[in-house]
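Please read the structure below before turning to the comments.
The values are calculated or read from the model by the stated rules, or taken from the named source; none is laboratory data. If you're wondering where the values come from, they're calculated on a predicted model, not measured in any experiment. Here the Cβ is made from the backbone with ideal geometry for all residues, glycine too, and neighbour counts use every protein chain on show. Just so you know, the surface numbers come from the protein's heavy atoms only, side chains and all, with ligands and any DNA or RNA stripped out. Shrake-Rupley method; radii C 1.70, N 1.55, O 1.52, S 1.80 Å.
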Amino acid sequence: MLNSNLLRKLDMQDLMVFVAVYEQNSVTSVSESLCVSQSTVSYCLKKLRTGFEDELFINTRAGMRPTYKASTMYTHVLKILQSINLCHAGTPTFDPTVQPVTFNICAPEYFEQLILPRLLKRFDFANWPVMVNMHKFETDIPVEELRDGSLDLVICFGPNFHGNHTDFKSRLLMEDDLVCVFDKRATPLEPRLSLQAFTERRHVFPTPWTSTTNMVDGWLAQQAQKRQIVARSNSYSAALKMITGTDFIVTLPRRIQQLLASEAIFNHCEAPNGLPGFSLDMQWSQSADEDCANAWLREQVVQACTEQDMT
């Protein structure tokens, strides 16, 4: 907002005249350098003097001498013009066709199964020489690697599954919920499992990251309940193989169930009422926020997630 309504009447030409008069000390020289008439320069000076409520320049034998206020204003007006030029120039864009580029992304299996294949197909279809190195998500967000640029992006689950870092930027990519998957021959009759039925079944647990806690057991603890886990797997597909031919249950994200749990082998039903869903979030460092390559990568990830949502 402006401190005075008088300032609203000023335009870029007025500021250009201010800088030119300050630097050249001559209305005639300013008129020639800006390719405007001397009367235009005089009119701009009149607007400036009214807007800033100061004489700004005093006509002397040595030329136009700036007042104290004009001297203090000069660097600020210069920055305004420089900022306007930056706005006009826009942010530099990243061109993936210029040279091969490698991006490092830390993400859980959920991202590798659902989003990464779409991302790679986009790169391949456009014939972009882009390589993606995936890093396994461990206990928590790899803070230092994200800050020092070793990682370009971190993809994680939310909300509030990991510590908040005020120097990171974040964006929600997509949302999902959990469903219960069974071997087809051991499917319960009810379309939604009760909490009792859920805890009575033996579970295979696909670990999304290395952690002693997870969203399912955390929720069960809030209900003063617990489940019996017979095995922990490193992947969703391994967990599905483990329940084949048994009455075990595996709780999977719905999108993963739709992708991997073949209807010829598996059935599913809704999870107990109250079991919360989750989001897939993207985080990047403050320093990478204005990096054109990083911004391009983020746009590609968002587009791939949007395409996934539309399927």
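For the range 129-247, just the Cα set please: Rg and Dmax, both in angstrom.
When restricted to Cα atoms, the range 129-247 yields Rg and Dmax of 17.6, 53 Å.
Tally up the carbon and sulfur contribution to the accessible surface of the range 1-49 as a whole percent, 1.4 Å probe, everything protein left in place.
For the range 1-49, the apolar C and S fraction of the accessible surface comes to 51 percent.
Ignoring any ligand, DNA or RNA, what whole percent of the accessible area of the range 202-311 comes from carbon and sulfur when the probe is 1.4 angstrom? Don't skip to the answer; put the middle values down first.
On the way: 2490 of 5260 Å².
About 47 percent, which is the carbon plus sulfur part of the accessible surface.
Project the alpha carbons of the range 241-289 onto their principal axes and report the range along each, largest first, in whole Å.
Principal axes ranked by extent give 51, 25, 16 Å for the Cα atoms.
Within the chain, how many Lys pairs sit with Cα atoms under 17 Å apart, leaving out pairs fewer than 8 places apart on the same chain? Numbers along the way, then the final one.
Working: Lys9/Lys46; Lys9/Lys47; Lys46/Lys69; Lys47/Lys69; Lys69/Lys79; Lys184/Lys241.
The result is 6.
Sorting His203, His268, His162 by accessible area (1.4 Å probe), largest first, what list results?
My answer, sorted largest first, is His268, His162, His203.
Can you give the net charge of the other residues whose Cβ lies under 15 Å from the Cβ of Lys47, counting K and R as +1 and D and E as -1?
Neighbour charge sum, excluding Lys47 itself: -1.
Given Cα positions, please report Rg to Rh for the chain, the hydrodynamic radius being the Kirkwood one.
1.26
If Rh is defined by the Kirkwood formula over all Cα pairs and Rg also comes from Cα, what ratio Rg/Rh do you get for the range 67-117?
When Rh is taken as the Kirkwood radius, the ratio is 1.41.
Dimensions of the range 98-143 along principal axes (Cα, Å, largest first)?
Computed over the Cα atoms, the extents are 36, 22, 10 Å.
Would you mind working out the accessible area per residue for the chain, using a 1.4 Å probe, and quoting it in Å²?
On a per-residue basis, 56 Å².
How many percent of Cα pairs in the range 200-311 exceed 25 Å?
Working: 2354 of 6216 pairs.
Roughly 38 percent, rounded to a whole number.
How much net charge surrounds Ala295 when only the other residues with a Cβ under 13 Å from the Cβ of Ala295 are counted, with Lys and Arg +1 and Asp and Glu -1?
Counting the neighbours of Ala295, the net charge comes to -3.
Add +1 for every Lys or Arg and -1 for every Asp or Glu among the other residues with Cβ under 14 Å from the Cβ of Ser279, and state the total.
Spelling it out: positives minus negatives among the neighbours equals -2.
Tell me which DSSP H helices of the chain clear both cut-offs, 15 Å or more of axial length from alpha-carbon atoms and a mean Kyte-Doolittle hydropathy of at least -1.0.
Going by DSSP H runs, the hits are 12-24, 38-52, 68-89, 292-310.
Restricting to the chain, compute how many DSSP beta bridges are antiparallel as a %, nearest 5.
60 percent
Where the eigenvalues come from the Cα gyration tensor of the range 1-122, what are the semi-axes √(5λ) of the equivalent ellipsoid, largest first, in whole Å?
Numbers: eigenvalues 514, 58, 31 Å².
Largest first, the range 1-122 gives 51, 17, 13 Å.
Give the long-range amide H neighbours of Phe57: residues separated by 5 or more places, or on another chain, with amide H under 5 Å away, using H modelled in the peptide plane at 1.01 Å from N.
Thr67
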